[in-house]
Every structure is written in structure tokens, then in C-alpha cells.
Amino acid sequence: MKNAQCKKCLNKFYEKEIYTIQQFQYREEPSYKWSMRFFEKLGINEWDSLCEKCMLFYSKESDKKWKESKI
Ligand SMILES: [Zn+2]
């Protein structure tokens with residue numbers, strides 16, 4: 001049963017396919033602290049569920065913003 005819901009696109013998907021921003025802990029940069037602040041502004045916390053597509057989107061988006069912030 002698809003009983004997980006993506007915080008961003010609101011699509012339903014399987015629970016085993018849930019992504020959370022906690023996976024950014026393993027990203028070398030930006031730091032997880034920076035990522036948390038970035039997502040906080042978007043209203044997303046560590047326990048919010050995201051689908052794979054939106055996770056990928058945010059991964060790229062945060063990376064872009066991080067690079068812009070360093071200029
Ligand atoms: Zn989504």
C-alpha cells in the first residue's frame with residue numbers, strides 16, 4: 001500500500017521508498033548544519049518524507065545555493 005506522502009509534491013508512495021533530508025549528513029559539503037538551515041527555510045524538517053524525485057531536486061537545489069553562497 002502506498003501510504004507515505006511526499007511533503008513537496010504530495011504524491012503517495014511506498015514507505016520503503018521514503019527519503020528524508022537526514023541523508024545529507026553523509027554529504028561532504030555543504031555541511032549538514034548548513035543543509036538543515038536551508039531546509040528549515042523551506043519548512044522541511046528531518047522527519048519529513050520525500051519521494052526520490054523531490055529528494056533529487058532538493059539535492060541539486062541545495063548544492064546550487066551552497067555554491068552561490070560561497071561567491
Ligand atoms: Zn515528491
Dipole magnitude of the chain about its Cα centre, charges +1 at Lys/Arg Cβ and -1 at Asp/Glu Cβ only, in debye to the nearest 20? 200
Once Lys and Arg are counted +1 and Asp and Glu -1 for all other residues with Cβ under 12 Å from that of Glu52, the total becomes +2
Within the chain, list the GluC sites (Glu not before Pro) lying in a DSSP loop whose Cβ has at most 11 other Cβ atoms in a 10 Å radius. Glu28
Per the rule of 0.36 nm per residue minus the C-alpha distance, extending Tyr32 to Ile18 adds in nm 3.1 nm
About the Cα centre, charge dipole magnitude for the range 1-41 (Lys/Arg +1, Asp/Glu -1 at Cβ), debye: 200
Compute the Cα gyration tensor for the range 4-70, then decide on rounded, prolate or oblate, letting a ≥ b ≥ c be the square roots of its eigenvalues: rounded whenever a/c is under 1.5, prolate when a/b is larger than b/c in the other cases, and oblate in all that remain. prolate
As a check on your grasp of the helix formula, calculate [θ] at 222 nm for the chain: sum -39500 (n - 2.57) over DSSP H runs of n ≥ 4, divide by the residue count, round to the nearest 500. -13500 deg cm²/dmol
In a shell of Cβ-Cβ distance under 13 Å around Gly43, excluding Gly43 itself, what net charge do Lys and Arg (+1) and Asp and Glu (-1) give? +1
Qualifying aspartates and glutamates (Cα of each under 18 Å from Cα of Lys33; at least 8 residues distant if same chain): Glu46, Asp48, Glu61, Asp63, Glu68
Sequence order, the range 37-52: Karplus ³J(HN,Hα) from phi using 6.51 cos²θ - 1.76 cosθ + 1.60, θ = phi - 60°, Hz rounded, Gly and Pro as x, gives 5, 4, 6, 4, 5, 8, x, 10, 10, 4, 9, 6, 8, 10, 7, 4
Considering only DSSP states other than H, G, I, E and B, which chymotrypsin sites (Phe, Trp or Tyr not before Pro) in the range 1-65 qualify as loop sites with at most 11 other Cβ atoms within 10 Å? Tyr14, Trp47
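The numbers here are math on the coordinates, done by the rules we state, and not lab data. Quick caveat: nothing in here was measured; it's all calculated off a predicted structure. In this analysis, Cβ positions are derived from the backbone assuming ideal geometry, glycine residues included, and neighbour counts consider all displayed protein chains.
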